[in-house]
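Structure record follows, encoded as structure tokens.
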Amino acid sequence: MNGEIQLQVSGLVKRFGEETVLNGIDFCVRKGEVVVVLGPSGCGKSTLLRCMNGLESPDAGSIFLDGEAISAGGKNIAQLRQKIGMVFQSYDLFPNKNIIDNITLAPVKVQKRSKKEAEEQAEKLLKRVGLWEKRKAYPRELSGGQKQRVAIIRALCMNPEVMLFDEVTAALDPEMVREVLDVMIELANQGMTMVIVTHEMQFARAIADRVIFLDGGSIVEDSKPDEFFTNPKTKRAKDFLQTFAYEKRRTNIN
Amino acid sequence: MQDSGIKVLFMGKNFLRLLEGLWVTLRISLIAVIISIPLGILFGMFMTLKNPISRAVSRVYLEFIRIMPQLVLLFIAYFGVTRTFGLNLSAEVSAVIVFVLWGTAEMGDLVRGALISIPKHQYDSAAALGMNRIQTFWYVVIPQTMRRLIPLTINLTTRMIKTTSLVVLIGMTEVLKVGKQIIDANRFEYPTAALWIYGVIFLLYFLACWPISMLAKKLEKRWR
Ligand SMILES: Nc1ncnc2c1ncn2[C@@H]1O[C@H](COP(=O)(O)OP(=O)(O)OP(=O)(O)O)[C@@H](O)[C@H]1O
Ligand SMILES: [Mg+2]
């Protein structure tokens with residue numbers, strides 16, 4: 001992967017009160033690259049992603065998208081956010097709007113696109129994930145997996161350059177995880193630049209161009225997925241991977 | 001004739017006078033509600049600010065209005081303020097002011113409740129879609145609070161209509177007062193008139209509040 005640099009994070013520090021959650025994070029994401037961020041619970045993965053689209057303001061350091069600085073209070077933040085799609089763990093569709101209106105709200109109101117054109121794109125995207133029939137349904141009528149696919153499409157309909165995914169399958173029933181991950185894999189194959197936080201290790205290994213392992217507020221490893229999963233350099237990464245192996249054995253026994 | 005109290009209703013302009021009395025009540029409540037809604041929305045937003053001073057101020061205001069019986073507030077507004085500051089407030093203006101103060105406090109509390117009931121991730125996902133604060137409020141938060149707020153606001157309106165009967169005590173001639181006047185005028189000739197008049201007033205109140213309550217119920221169901 002040697003495209004141009006699209007996202008650059010440098011010297012990022014984020015504190016919540018006394019607690020320093022991110023303590024100097026440096027990395028960059030190239031165009032079309034898929035970066036998976038791994039790390040134990042509470043290590044700051046969500047915080048990192050939230051800083052990357054200005055939902056949290058860093059205490060130090062900076063983040064650039066196409067060379068433009070992202071800062072939470074900045075004037076152009078809403079403009080920049082249109083280029084960064086984000087999907088959260090909780091499938092947070094707008095409950096009072098049907099699926100098509102959920103998807104087209106921001107394209108129409110924020111990007112000032114015509115309703116007709118936005119709806120055409122939304123329907124095309126819905127067809128691709130097999131949810132076209134649900135376009136007039138309300139979020140409460142959808143399963144978790146369906147809602148999460150709609151949330152992904154809602155972000156995609158803004159035609160973003162980068163997509164951030166924060167544990168989008170963590171709240172789903174196991175049988176629904178696959179349908180959501182498949183959408184993400186298709187997206188990666190189309191060349192979308194993506195930063196993904198996940199606890200699905202097999203998926204991470206399959207989709208990642210690069211794995212970043214976060215622990216204790218810093219990047220402990222930044223390597224190719226095969227290298228990270230078969231031969232982690234640090235003990236902390238080994239221990240982290242070990243917990244998953246252990247969990248796996250346990251679930252198999254039960 | 002002991003049992004023809006109902007006649008009193010149709011004597012002269014009695015029924016019309018009762019309706020006029022009801023209109024006084026309705027007018028005060030409706031004016032108060034119409035002013036209270038925008039003020040209450042602003043007050044509700046003010047109450048959700050994290051600033052400790054704004055919190056304390058709004059808390060004190062809300063508690064004060066709630067603890068004070070409306071009657072006392074009416075007396076303060078009509079007799080107290082008028083006399084003390086030499087302002088010549090009519091009874092109706094005093095009543096509207098008091099009910100606006102009350103309505104704003106109650107409406108504000110409803111709005112605050114509705115606002116904090118919107119999960120934080122709704123704000124986050126709106127922001128992540130590139131909406132600014134105003135767009136987030138207008139397109140995402142307000143429509144979701146409306147579903148909750150409209151039925152509650154309607155209930156507040158009916159409560160207000162019922163409570164406005166207190167204005168009789170600052171000398172306004174509303175429906176109950178008219179009723180009493182009619183009854184007093186016919187005390188000897190038609191001793192059973194009281195039952196009829198109060199019965200009709202009961203009906204009038206019912207007719208004024210019932211459609212509003214039904215509307216609230218319907219909206220509540222529709223928007224569940
Ligand atoms: N708004 C906040 N206020 C205070 N502390 C916070 C806030 N958000 C996160 N934290 C703290 O920051 C730390 C990192 O949180 P974060 O959610 O980024 O972790 P994470 O790696 O995403 O964890 P998980 O895998 O459980 O999702 C945690 O200790 C958390 O308690
Ligand atoms: Mg997280």
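Taken together, the values in this text are just the output of simple stated rules run on the coordinates, not laboratory data. Please read these numbers as outputs of a predicted model, since none were measured by experiment. Counting neighbours? That spans all protein chains shown, and the Cβs are built from the backbone with ideal geometry, glycine included.
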Of the listed residues (A:105, A:172), the one being more than 15 Å from the chain's Cα centre (by Cα), closer than 21 Å to residue B:119 by Cα and within 16 Å of ligand 2 (Cβ to nearest atom) is A:172
Please specify each residue of region A:158-204 satisfying the condition of being within 16 Å of ligand 1 (Cβ to nearest atom) and within 14 Å of another protein chain (Cβ to nearest Cβ). A:164, A:165, A:166, A:167, A:168, A:170, A:171, A:195
Which of the residues belonging to region A:2-24 are touching a Gly at 6+ places or on another chain (Cβ under 7 Å) and either within 14 Å of chain B (Cβ to nearest Cβ) or away from ligand 1 (no atom under 14 Å from the Cβ) (or both)? A:3, A:10, A:11, A:24
How about region A:110-140: which of its residues are free of Cβ contacts under 8 Å to residues at least 12 places away in the same chain and within 14 Å of another protein chain (Cβ to nearest Cβ)? A:112, A:113, A:115
Find the residue count for region A:25-66, including only residues that are within 14 Å of another protein chain (Cβ to nearest Cβ) and more than 9 Å from ligand 1 (Cβ to nearest atom). 7
Test: residue in region A:37-56 that is in contact (Cβ under 8 Å) with a residue 40 or more places away in the chain, farther than 28 Å from residue A:241 by Cβ and away from ligand 2 (no atom under 15 Å from the Cβ): no
If a residue has to be more than 9 Å from every other protein chain (Cβ to nearest Cβ), over 17 Å from residue B:122 (Cα atoms) and part of a loop (DSSP other than H, G, I, E, B) to count, how many in region A:67-93 make the cut? 8
Which of the numbered conditions does residue A:50 fail, given that it passes all the others? Conditions: (1) part of a loop (DSSP other than H, G, I, E, B); (2) out of contact with any strand residue (DSSP E or B) (no Cβ under 6 Å at 6 or more places or on another chain); (3) buried (at least 21 other Cβ atoms within 10 Å of the Cβ). (1)
Considering region A:86-100 alone, what residues qualify as being away from ligand 1 (no atom under 16 Å from the Cβ) and crowded, with 18+ Cβ neighbours inside 10 Å? A:93, A:94, A:97, A:99, A:100
Region B:119-140: number of residues that are more than 9 Å from every other protein chain (Cβ to nearest Cβ) and buried (at least 19 other Cβ atoms within 10 Å of the Cβ): 1
Do any residues in region B:7-28 that are basic (Lys, Arg) have Cβ atoms under 6 Å from those of residues that are in a helix (DSSP H, G or I) and buried (at least 21 other Cβ atoms within 10 Å of the Cβ), where the two are at least six apart or on different chains, and which pairs are they? B:17/B:178
